[in-house]
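Some notes on the structure that comes next.
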There are 2 protein chains.
Amino acid sequence: MTEVRLPGPVEVIGAGLLGTSIGLALRAAGVEVLLSDVSSEHVRTASGLGAGRPRAPEDRPALVVVAVPPDHLATTIVRSLELTDAVVTDVGSVKSGPVAAIAGHPEVGRYVGSHPMAGSERSGPLAGSAALFEGRPWAITPHDTSDPRAVGVVEALVRTCGGVPIRLSPAEHDKAVARVSHVPHLVSALVAGRLAAAPPDHLLLSGQGVRDVTRVAAGDPALYGQIVDANAPAVLELLAEGREQLDAVIAAVGRADRADLEALLAQGVAGTRAIPGKHGAPERPVAIVYVSVPDHPGELARLFADASAVGVNIEDVHIDHDPGRPVGLVQLVVAEDRADALVDGLHERGWTARV
Amino acid sequence: MTEVRLPGPVEVIGAGLLGTSIGLALRAAGVEVLLSDVSSEHVRTASGLGAGRPRAPEDRPALVVVAVPPDHLATTIVRSLELTDAVVTDVGSVKSGPVAAIAGHPEVGRYVGSHPMAGSERSGPLAGSAALFEGRPWAITPHDTSDPRAVGVVEALVRTCGGVPIRLSPAEHDKAVARVSHVPHLVSALVAGRLAAAPPDHLLLSGQGVRDVTRVAAGDPALYGQIVDANAPAVLELLAEGREQLDAVIAAVGRADRADLEALLAQGVAGTRAIPGKHGAPERPVAIVYVSVPDHPGELARLFADASAVGVNIEDVHIDHDPGRPVGLVQLVVAEDRADALVDGLHERGWTARV
């Protein structure tokens, strides 16, 4: 399919975080944006931010983006198909539900679902940003009867917002997000929940590992409850698999079967390697350089300036906070063959660093 | 108890990653170090690095640090108690086993276990570093019949190496590491294992969340199998609790019981808040500032220099790699009341940033 240019104007229904961010990104690209929301306050705020102008009755959008809460998705999509002759998409987290709800509608060909893998801890139009989708995966989920031109228009929307289009069927999408998002979230919450039950002095031994595993569990329970609920079939299938695996681990530990235990752990190693690497390229071998950094403003800046002077590109950074002293241990992830040069260069510049 | 000065010389048995790092840290503090290892090659390498000198038969250590693999811990501790009149400690990951194995020995009072919460993806003496324990928690696990002076000596060892001593009974220690390390590791491996089974295009939707949850699962299966096996009772107790919680989640999702699901997710939120904050202090409210950063050397340095110029202290950093383009999304964690100032300051300096 040749690349379609995004037609305008684009109507955005729902001026929350996602809708406002889409409006801002499209306006930055010079596309005309029409804003609708049940809250006129939200429309005022979003248009005040430059995300578009309030939609007028005589406006004729070429594309409608439905960015309303899950419970209102299907009805809003149907209304948009009936009240306009525009291509219609939505940005909800789960894709099979809306498709099932509008199947059989005569205009269903103009609807193509989508789902940007982007968000924020904050919500509402004030949290919106033109940069929200920059470089983020954005799933496009055509159904069997989607008009190919409509698919092209939604892909043009994604590219114009700076996202990376990834095409999947609605059912595949829902299985994918169950696996890479919903189930990891639930499991993270379970591990974190056991921490809440721990004696506080046990938690003093917490290192970076448990902090990483439980980080996403800090998300809003009401929002994640709603998302998981909407994707229940795919989530339940994976949870059932996970329960079998958990039973296998319990059995292996219980009978001190190291071979079985190692095989289960080795599957985990394989899984971490299956996640696509930086910029979708295969993972390069990397090494971690540890640096002790005093905890006051400017020290990180000095560290990065020195690393840059050494000429080593930093691929990733983690800061490991220690429980007892005002020094942080910073982990700089660099290409494996550059680690020693970085350590030497940092030593020359007075840092305590090691591989 | 008044603080005890670390007596010397200190014998380190096992010149691997931990033993060599302890030798290097003690030598940096001016303490005499004697090295032993079944591999004379390891002793040569470690002493070549400056971690101490090979132990001679006439040497009389005041402290013996046993840093050998788990399977050889108990026998090496007993031999050290019998061949010297020194205080003896070990640095193994699990503490009840060695204590049980040497209980009833007439010299058991001179033994006090310990466990530094530090490590590396690499192993062997060449991976050693004097900075390995800098600011890291280091558990000290006296048993009922430990000599208080011996406890003081081990605490002096920890402080001399730059670690933060945390005193727990052996049984409590093992329960603590089961909860904050071994079980999170196993669960992370289970989630990662399900990724290995996924269609590759599903993994294109992977975001920072699943990367965080599965990061520790990349660890060596043989090593973690051995550690989990040694701590089987505490691990099994928590896995059984986790299985009940998983069943509760499956039931809640299965019957679309949002209240139950939200309650389980809310326990997770409480757990993330229970992890001690930076430097052991209560967590301050923080906000995340997102910045788009081109992926070439020097850009991170420029970002940190600009953040520093704005006068905002960066509490933590995450880099979210996108699957399709040479721009990374960097998350700067800052005090909540400084986030807007940072965004404004970065905008003035030409960055694309948002809260």
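The values are calculated or read from the model by the stated rules, or taken from the named source; none is laboratory data. Since the structure is predicted, the reported quantities are computational estimates derived from the model, not experimental observations. So basically every Cβ, Gly included, is an ideal-geometry build from the backbone, and we count neighbours across all protein chains shown.
Screening A:Arg79 on (1) of a type outside the set (A, V, I, L, M, F, W, C); (2) in a loop (DSSP other than H, G, I, E, B); (3) out of contact with any helix residue (DSSP H, G or I) (no Cβ under 8 Å at 6 or more places or on another chain) shows it passes everything except condition (2). Examine segment B:156-178 for a residue that is in contact with a helix residue (DSSP H, G or I) (Cβ under 8 Å, 6 or more places away or on another chain), without any contact (Cβ under 8 Å) to a residue 12 or more places away in the chain, within 11 Å of chain A (Cβ to nearest Cβ) and under 30 Å from A:Val235 (Cα atoms), and state whether such a residue exists. No.
Can you give me the number of residues within segment A:168-185 that are aliphatic (A, V, I, L, M) and more than 19 Å from B:Leu261 (Cβ to Cβ)?
First pass over segment A:168-185, keeping only residues aliphatic (A, V, I, L, M): A:168, A:171, A:176-178, A:180, A:183.
Those left that are additionally more than 19 Å from B:Leu261 (Cβ to Cβ): A:168, A:171, A:176, A:180.
Final tally of qualifying residues: 4.
Taking the criterion of being of a type in the set (A, V, I, L, M) and in a helix (DSSP H, G or I), the residues of segment A:60-76 that qualify are A:Leu73, A:Ala74. Checking each residue in segment B:211-226 for being modelled with pLDDT of 90 or more and farther than 13 Å from B:Pro184 by Cα picks out B:Pro221, B:Gly225.
Scanning segment A:45-59 for residues that are in contact (Cβ under 8 Å) with a residue 40 or more places away in the chain and either outside any helix (DSSP H, G or I) or surrounded by fewer than 18 Cβ atoms within 10 Å (Cβ to Cβ) (or both) gives A:Leu49, A:Ala51, A:Gly52, A:Arg55, A:Asp59. Candidates B:Arg122, B:Arg79: the one that is surrounded by fewer than 24 Cβ atoms within 10 Å (Cβ to Cβ), within 28 Å of A:Thr352 (Cβ to Cβ) and either basic (Lys, Arg) or modelled with pLDDT of 90 or more (or both) is B:Arg122. Scanning segment A:91-142 for residues that are more than 14 Å from A:Gly163 (Cβ to Cβ) and at the interface with chain B (Cβ under 8 Å from one of its Cβ atoms) yields A:Ser120, A:Glu121, A:Arg122, A:Ala127.
If we keep just the residues of segment A:230-285 that are of a type in the set (Lys, Arg) and over 26 Å from B:Ile250 (Cα atoms), which is modelled with the highest pLDDT? Please lay out each step first, then the result.
Taking segment A:230-285 first, the residues of a type in the set (Lys, Arg) are A:243, A:255, A:258, A:273, A:278, A:284.
Checking the rest, the ones that are also over 26 Å from B:Ile250 (Cα atoms) come to A:255, A:258, A:273, A:278, A:284.
Details: A:Arg255: 96, A:Arg258: 92, A:Arg273: 87, A:Lys278: 45, A:Arg284: 59.
Out of the qualifying residues, it is A:Arg255.
Which members of segment B:75-102 meet the condition of being more than 23 Å from the chain's Cα centre (by Cα) and free of Cβ contacts under 8 Å to residues at least 40 places away in the same chain? Residues satisfying the conditions are B:Thr75, B:Ile77, B:Val78, B:Arg79, B:Leu81, B:Glu82, B:Leu83, B:Asp85, B:Ala100, B:Ala101, B:Ile102.
Touching a Gly at 6+ places or on another chain (Cβ under 7 Å), in the same structural domain as A:Ser181 (by TED's automatic domain parsing) and among the acidic types (Asp, Glu) - does that describe any residue in segment A:252-260? Checked against the condition, which is being touching a Gly at 6+ places or on another chain (Cβ under 7 Å), in the same structural domain as A:Ser181 (by TED's automatic domain parsing) and among the acidic types (Asp, Glu), segment A:252-260 yields no hits at all.
Restricting the search to segment B:179-217, which residues are among the aliphatic types (A, V, I, L, M), under 27 Å from A:Ala198 (Cα atoms) and either assigned by TED's automatic domain parsing to the domain that holds B:Gly124 or free of Cβ contacts under 8 Å to residues at least 40 places away in the same chain (or both)?
Going through segment B:179-217, the residues among the aliphatic types (A, V, I, L, M) turn out to be B:180, B:183, B:186-187, B:189-192, B:195-198, B:203-205, B:210, B:213, B:216-217.
Imposing the further condition that a residue be under 27 Å from A:Ala198 (Cα atoms) reduces the set to B:180, B:183, B:186-187, B:189-192, B:210, B:213, B:216-217.
Those that are among the aliphatic types (A, V, I, L, M), under 27 Å from A:Ala198 (Cα atoms) and either assigned by TED's automatic domain parsing to the domain that holds B:Gly124 or free of Cβ contacts under 8 Å to residues at least 40 places away in the same chain (or both): B:Val180, B:Ala189, B:Leu190, B:Val191, B:Ala192, B:Val210, B:Val213, B:Val216, B:Ala217.
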